[in-house]
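A quick write-up on the structure given underneath.
The values are calculated or read from the model by the stated rules, or taken from the named source; none is laboratory data. Computed from a predicted structure; not experimentally measured. When we count neighbours, we look across all protein chains shown, and the Cβ atoms used for this are built from the backbone with ideal geometry, even at glycine.
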2 protein chains.
Amino acid sequence: MTETTIETDFTHDPDAKSWVESANGHPAFPVQNLPLGIFSPKDGGARGGIAIGDMILDLADIAGLLELEAATAARLAGQSTLNDLLDRGADSLRALRQGVFKLLTDDDKKTAVEPALHKAKDCKLHVPVTVGDYTDFYSGIHHAENIGALFRPDNPLLPNYKYVPIGYHGRSSSIRLSGVDVKRPSGQKKPPEDGAQPPFGPSARLDYELEMAIWVGKGNALGHPIPIGEAEEHIAGISILNDWSARDIQAWEYQPLGPFLAKNFHSSISPWIVTIDALAPFRTAQPARPEGDPKPLDYLFDERDQATGAFGITMEVFIATEKMRQDGDEPHRLSTGPMTAMYWTAAQLVAHHSVGGCNLRSGDLLGTGTLTSGDEGGEGSLIELTEGGKKSITLPNGETRTFLEDGDEVIITAFAEKDGFARIGLGECRAVITG
Amino acid sequence: MTETTIETDFTHDPDAKSWVESANGHPAFPVQNLPLGIFSPKDGGARGGIAIGDMILDLADIAGLLELEAATAARLAGQSTLNDLLDRGADSLRALRQGVFKLLTDDDKKTAVEPALHKAKDCKLHVPVTVGDYTDFYSGIHHAENIGALFRPDNPLLPNYKYVPIGYHGRSSSIRLSGVDVKRPSGQKKPPEDGAQPPFGPSARLDYELEMAIWVGKGNALGHPIPIGEAEEHIAGISILNDWSARDIQAWEYQPLGPFLAKNFHSSISPWIVTIDALAPFRTAQPARPEGDPKPLDYLFDERDQATGAFGITMEVFIATEKMRQDGDEPHRLSTGPMTAMYWTAAQLVAHHSVGGCNLRSGDLLGTGTLTSGDEGGEGSLIELTEGGKKSITLPNGETRTFLEDGDEVIITAFAEKDGFARIGLGECRAVITG
């Protein structure tokens, strides 16, 4: 139970300090966060690590200083992906978190642990898991309303929306880490008139999608659905996701089977998996599911959700055009909004995904779908900000945009903060568009 | 190119005989076929093999009897999946095929090769590759017309159909080998009236889908589309695919992003990959793309397609109910039709999939979509055979079906035959429905 965890778990103590000095007051990676990732130090191969301040801790290297399950988990993290560690489940991740927290806050351990720390700026980061399957949901209700309104002004939400956590299968091969350039895709676009040949060429309506990535921890066997009450035990943690979209390609191809080439050319994720345990203090109610809406069907209903089903994470999207970067301008914030824009909880997404028997595997990626806050300035994509491309945005330096141009960099950041707890960050997910 | 291959390639000689006697006249696996798979012998782990008559040849075991590229390929096949072998590309698969053909047709090699042969009935077969991503296309135009007519009687084919090879991403985690039982999924179904709560329970409209599986061989890098003229070099071969579908779940969930839980509970594939080279004699024109239809866009156009773009494979679907199996009745044939019902060629599917930059990886699975012949008796699914479930089918023993019932077994087989060549088979893809 989450509530108990916060009260009794010493890893949430806001006054805890680490002997890794850069961690104390770090906006993203204080000792209360301890996110998991895969890194290569300057002189070695890929392995599992934890971000602490400006440093990365090599987990396998300190396994000998840990006990029991924490030691086992740290050893599993010594591989080039975190799949085996995540598959070991929530209890194992918790043991590892608690063990590492003790090492990093105990001055007597400094001498033993310090050799396992690497300066983050000297390391290369990698996609933290082998993603077996990638599913993208559509849980941002305000985004669904905005997009629906572009197609069906009178009836933006389809009748299934408040019953079915709508989702579709994405492409796992083209998931890349934050920082990898995104090549603008070419494709067919809707012909100017019915029956004419569709034009072909580079997408002229390239967009970002502000999403969060939910990582599957322990998997389930085919034919064995995950009950809603156990769903969170199958979630390892959360990262930032940008599901780049070519709106013109999508508009022509998507019927009747959904988006395909409009999405599968690239998806970007942030490097660090912030664990469910690290996020426990920031659990909150689900404002996106208002009173009076239908009660979820039994397989999606958990009475705890009304109080603590959602994560109080704030997301921000910035743009830095090529000119802005050359001129040394700060990135310009396009929007900000909370992860609570999800109509369905992460646990509901897991329970729904598996209810027909589909098996999830550790390292599977569940995208939340674009998260738009419902308030002005909270649009999660350019197609919303520009009302379908009809209205352009003017940036502080006078440049204008309707969709992304070559050289544009999009930067998404996210963090959680709350009185009485240390602020933690999810890092950033950024990429530059190339022609 | 293909025509040259048939004339000069000794592996298509219809008079060739093997010293493996069960291969000669075998309906599926004569020496002219040599399909690739993964098997475990009675006393060993999973490894690559070739089906020959009633036997399976352990490839790594005979690598020492092969030369150069064929030897390298055979060694790569010694792993528990064929991904690395397929990634080596079409030339490597051809060298392996020719080398194995020589060994199996040369009586002088019998003594050396025989220890590497295992009786197929004593072996366990496995999914031959790790499927990174599974894409299901919708290339069966008569199926698209039939399904479209159920929803839109006046306008069954959407305007994009003859320009865009419509496809969507499927679920790779739930792909299972022929023979693995299929558990009937539960899920939400459309409410009886607008605004009512959707009912939840086991699918009452469980269906099969008659498809062929196209296996990706050599992959491409992200951002580097595969030109149509090179697309076939990225195809390793073909198997049989049954993309089980829950029509009632699909009808409620599929808008606006396409099918999800209705498909992702299970997909069945046949064990053997019949290589593109083995199918060369059966290349044929594309009857499903009639004169007067729009010319494919440049990135999909290959002038060779009109003569040889399609594969002359015949498919058959059978049902054996539990009662039929208990009574010893033969399976009842529900339909038969040719793979030439594809509106797009396999090469066009590859070129389209990658045109926006999406990277394919060796072992990726491309489903053709349901293949319906367009003639009566050629329906590739029960929803077509029963006109949307309105008309039931009477089986020879008097049982009736609209959709599949628990205990039903569905068996799909496929073969290619042509005057002047040895008939080759693709084996079978079968599974029993359980409750």
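Cβ-Cβ distances below 8 Å connect the following pairs, each with a first residue in region A:48-65 that is within 23 Å of A:Gly25 (Cα to Cα), a second residue that is assigned to a helix (DSSP H, G or I) and among the charged types (D, E, K, R), and a separation of six or more residues or different chains: A:Gly53/A:Glu21; A:Asp54/A:Lys121.
Results for (1) out of contact with any Asp or Glu (no Cβ under 7 Å at 6 or more places or on another chain); (2) part of a loop (DSSP other than H, G, I, E, B); (3) in the same structural domain as B:Gly309 (by TED's automatic domain parsing), shown as yes or no for each residue.
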residue: B:Asp15; (1), (2), (3): yes, yes, no
residue: B:Ser18; (1), (2), (3): yes, yes, no
residue: B:Ser22; (1), (2), (3): no, no, no
residue: B:His26; (1), (2), (3): yes, yes, no
residue: B:Pro30; (1), (2), (3): yes, yes, no
residue: B:Gly49; (1), (2), (3): no, no, no
residue: B:Leu57; (1), (2), (3): yes, no, no
residue: B:Ala63; (1), (2), (3): yes, no, no
residue: B:Ala73; (1), (2), (3): yes, no, no
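Mind checking which residues of region B:177-189 are facing chain A (nearest Cβ under 7 Å) and touching a residue at least 60 places away in the same chain (Cβ under 8 Å)? Within region B:177-189, B:Lys183, B:Pro185, B:Gly187, B:Gln188 qualify. Considering (1) more than 11 Å from chain A (Cβ to nearest Cβ); (2) touching a residue at least 60 places away in the same chain (Cβ under 8 Å); (3) under 23 Å from the mean Cα position of the chain (by Cα), the lone condition that B:Leu150 does not fulfil carries the number (3). Checked against (1) more than 7 Å from chain A (Cβ to nearest Cβ); (2) on the phi < 0 side of the Ramachandran plot; (3) touching a strand residue (DSSP E or B) at 6+ places or on another chain (Cβ under 7 Å), B:Gly219 meets all criteria but (3). Listed by first and then second residue, the pairs linking a residue in region A:17-38 that is free of Cβ contacts under 8 Å to residues at least 60 places away in the same chain to a residue that is exposed (fewer than 15 other Cβ atoms within 10 Å of the Cβ) and among the acidic types (Asp, Glu), with Cβ atoms under 6 Å apart and 6 or more places separating them unless they lie on different chains, form an empty list. Checked against (1) among the basic types (Lys, Arg); (2) touching a strand residue (DSSP E or B) at 6+ places or on another chain (Cβ under 7 Å); (3) surrounded by fewer than 22 Cβ atoms within 10 Å (Cβ to Cβ), A:Lys263 passes all but a single condition, namely (3). Restricted to region A:75-107, and to residues there that are in a loop (DSSP other than H, G, I, E, B) and touching a strand residue (DSSP E or B) at 6+ places or on another chain (Cβ under 8 Å), the residue that is farthest from A:Phe10 (Cα to Cα) is A:Ser80.
With the requirement that a residue be aromatic (Phe, Trp, Tyr) and away from every other protein chain (no Cβ under 14 Å), what does region A:282-331 give you? Quick ask: steps written out before the conclusion?
We begin by selecting, within region A:282-331, every residue aromatic (Phe, Trp, Tyr); these are A:282, A:299, A:301, A:311, A:318.
The answer is A:Phe282, A:Phe311, A:Phe318.
Inspection of region B:149-156 identifies at least one residue that is more than 27 Å from A:Pro165 (Cβ to Cβ), assigned by TED's automatic domain parsing to the domain that holds B:Gly337 and not in a loop (DSSP other than H, G, I, E, B). Quick one: in region A:226-245, which of the residues that are farther than 24 Å from A:Val127 by Cβ and surrounded by fewer than 20 Cβ atoms within 10 Å (Cβ to Cβ) is nearest to the other protein chains (Cβ to nearest Cβ)? Out of the qualifying residues, it is A:Pro227.
Of the candidates B:Ser354, B:Ser362, the single residue that is over 30 Å from B:Lys162 (Cβ atoms), within 14 Å of chain A (Cβ to nearest Cβ), buried (at least 18 other Cβ atoms within 10 Å of the Cβ) and not basic (Lys, Arg) is B:Ser362.
Quick one: would you say A:Tyr163 is farther than 16 Å from A:Thr368 by Cβ, within 9 Å of another protein chain (Cβ to nearest Cβ) and of a type in the set (Ser, Thr, Tyr)?
Working: farther than 16 Å from A:Thr368 by Cβ: yes; within 9 Å of another protein chain (Cβ to nearest Cβ): yes; of a type in the set (Ser, Thr, Tyr): yes.
For A:Tyr163, the condition - farther than 16 Å from A:Thr368 by Cβ, within 9 Å of another protein chain (Cβ to nearest Cβ) and of a type in the set (Ser, Thr, Tyr) - is met.
In this structure, is B:Leu177 modelled with pLDDT under 95 and at negative phi? When the stated conditions are applied, B:Leu177 does not pass them. Of all residues in region B:98-116, none satisfies being in contact with a Gly (Cβ under 6 Å, 6 or more places away or on another chain) and of a type in the set (Gly, Ala, Ser). Look at (1) touching an Asp or Glu at 6+ places or on another chain (Cβ under 7 Å); (2) over 18 Å from B:Leu177 (Cα atoms) and you find that B:Thr434 fails only one, number (2). Number of residues in region A:87-126 that are aliphatic (A, V, I, L, M) and within 18 Å of A:Ala280 (Cβ to Cβ): the value is 5. Taking the listed residues B:Gln286, B:Gln306, the one that is modelled with pLDDT under 95 and either touching a strand residue (DSSP E or B) at 6+ places or on another chain (Cβ under 9 Å) or assigned to a loop (DSSP other than H, G, I, E, B) (or both) is B:Gln286, with no other qualifying.
Can you pull out every residue in region A:246-281 that is away from chain B (no Cβ under 14 Å), over 18 Å from A:His169 (Cα atoms) and not polar (S, T, N, Q)? Hits for region A:246-281 are A:Pro271, A:Trp272, A:Ile273, A:Val274, A:Ile276, A:Asp277, A:Ala278, A:Leu279, A:Ala280, A:Pro281. Taken together, the residues in region B:192-244 that are over 21 Å from the mean Cα position of the chain (by Cα) and not in a helix (DSSP H, G or I) amount to 22.
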